[in-house]
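Novice: Structure incoming, see below.
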Amino acid sequence: MKTFHNEAEPGQVAKTVLMPGDPLRAKYIAENYLDDVICYNRVRGMNGYTGYYRGTAVSVQGSGMGIPSMGIYCYELFSEYGVDNIIRIGTAGAVSEEVQVGDLIFAMGCCSNSNFAAQYHLPGTFAPIADFGLLESAVEKARRDQVRFHVGNIFSSDVFYEDQQGEKGVWSKMGVLVQEMETYSLYCTAARAGRRALSMLTAGSSLHSSRALTNEEREQSLDMMIRCALELAAEETQAL
């Protein structure tokens, strides 16, 4: 059961896993939102925890930064640990003028400049999407809580520091909402494994504003996203 990147024992990983990019955020979530927590992974500092949220087992594990890192961890969770649902919870930069700093984004689909999907040897370009059931439930929760949110296409990039400035903004003309660096491999891997995935993101900055989330705003916005994801995780796990 152990892999090169995960030392969890059989049964230690829940059927639904929340995946922030930062392993320290995984630690924060485990310590502040879950009960009866165990740490099942510390390999390469990519902390993984399982605990209980309102009586339901939920895991939370860091994915690391970038499409390749997410691809490794979500593959192992789906294929080696029997995980059914992965919910990415991360931050992103807004490229659409409609997205304000602090807004919540649900990634219905994902564009990319990555070659990740070439491994599947398809006669065209694969367009990975979210699981509709997870997406629908998340939107219902955001509406119930009167949270400002957007649903649409996002962009996962292999590059953070671009050689030519301004390339990020070009995606806005096609209705892309935000840019980040992990969702593409998550959605591709989920599709190949026949499992379910959803990426929910908080806009931490914007190409159209010099404003970024303050520490207080970041805590409030991320708390809103984390609670939405935990409610969704508990609901989906109970339905299995």
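The values are calculated or read from the model by the stated rules, or taken from the named source; none is laboratory data. Just so you know, these numbers come straight off a predicted model, no measurement behind them. Cβ sites come from the backbone with ideal geometry, for glycine too, and all protein chains shown count toward neighbours. Side chains are part of the model used for accessible areas, which takes the heavy atoms of the whole protein and leaves out ligands, DNA and RNA. Shrake-Rupley method; radii C 1.70, N 1.55, O 1.52, S 1.80 Å.
Novice: Report the antiparallel proportion of the DSSP beta bridges in the chain as a percent, rounded to a multiple of 5.
Specialist: Close to 40 percent.
Novice: Taking only C-alpha pairs under 8 Å that are 6+ residues apart, what is the relative contact order of the chain in percent?
Specialist: 26 percent
Novice: Now for a separate question. Computing the accessible area with a 1.4 Å probe over protein heavy atoms, can you report the carbon and sulfur percentage for the chain?
Specialist: Solvent-exposed carbon and sulfur of the chain make up 49 percent of the total.
Novice: Would you work out if the stretch 142-194 is rounded, prolate or oblate? Take a ≥ b ≥ c from the square roots of the eigenvalues of the alpha-carbon gyration tensor; rounded if a/c is under 1.5, else prolate when a/b is larger than b/c, oblate otherwise.
Specialist: oblate
Novice: Something else: Note down the accessible area of CYS74, probe 1.4 Å, to the nearest 10 Å².
Specialist: Accessible area, nearest 10 Å²: 0 Å².
Novice: Hey, what do the phi angles of the stretch 82-91 turn into as Karplus ³J(HN,Hα) couplings, whole Hz, using 6.51/-1.76/1.60 and θ = phi - 60°, x for Gly and Pro?
Specialist: 3J(HN,Hα) across the stretch 82-91, in whole Hz: x, 5, 9, 10, 10, 10, 6, 10, x, 10.
Novice: Report LYS27's accessible area, 1.4 Å probe, all protein chains in place, as a number in Å² to the nearest 10.
Specialist: Per-residue accessible area (LYS27): approximately 80 Å².
Novice: Per residue, how much space in cubic angstrom lies within the convex hull of the C-alpha atoms of the chain?
Specialist: In the chain, the Cα hull volume divided by residue count equals 126 Å³.
Novice: Taking a ≥ b ≥ c as the square roots of the eigenvalues of the Cα gyration tensor of the stretch 146-240, is the shape rounded (a/c under 1.5), prolate (a/b larger than b/c) or oblate?
Specialist: oblate
Novice: Taking 8 Å as the Cα distance limit and 6 or more residues as the minimum spacing, I'd like the relative contact order of the stretch 111-192 as a percentage.
Specialist: 41 percent
Novice: When 1/r is averaged over all different Cα pairs and the result inverted, which Kirkwood radius in Å belongs to the stretch 60-171?
Specialist: By the Kirkwood definition, the hydrodynamic radius is 16.0 Å.
Novice: Going by Cα centres, the stretch 191-206 and the stretch 1-18 are how many Å apart?
Specialist: 20 Å
Novice: While we're here: Apply the Karplus parameterisation 6.51 cos²θ - 1.76 cosθ + 1.60, with θ equal to phi minus 60°, to every residue of the stretch 155-162 and state each ³J(HN,Hα) to the nearest whole Hz, in sequence, with x for glycine and proline.
Specialist: 10, 9, 10, 7, 10, 9, 9, 7
Novice: Averaging sequence separations of C-alpha pairs under 8 Å and six or more residues apart, then dividing by the length of the stretch 145-194, give the relative contact order as a whole percent.
Specialist: Computed over the stretch 145-194, the figure is 47 percent.
Novice: Between the alpha-carbon centers of the stretch 218-238 and the stretch 59-118, tell me the distance in whole angstrom.
Specialist: Cα centres, the stretch 218-238 to the stretch 59-118: 15 Å.
Novice: Please get the size of the charge dipole for the stretch 21-150, origin at its Cα centre, with Cβ charges of +1 on Lys and Arg and -1 on Asp and Glu, quoted in debye to the nearest 20.
Specialist: Charge dipole of the stretch 21-150: 200 debye, to the nearest 20.
Novice: With a cut-off of at most 15 other beta carbons within 10 Å, and DSSP calling the residue loop, which chymotrypsin sites (Phe, Trp or Tyr not before Pro) in the stretch 153-240 qualify? Please list them.
Specialist: Sites meeting the loop and neighbour criteria: PHE160, TYR161.
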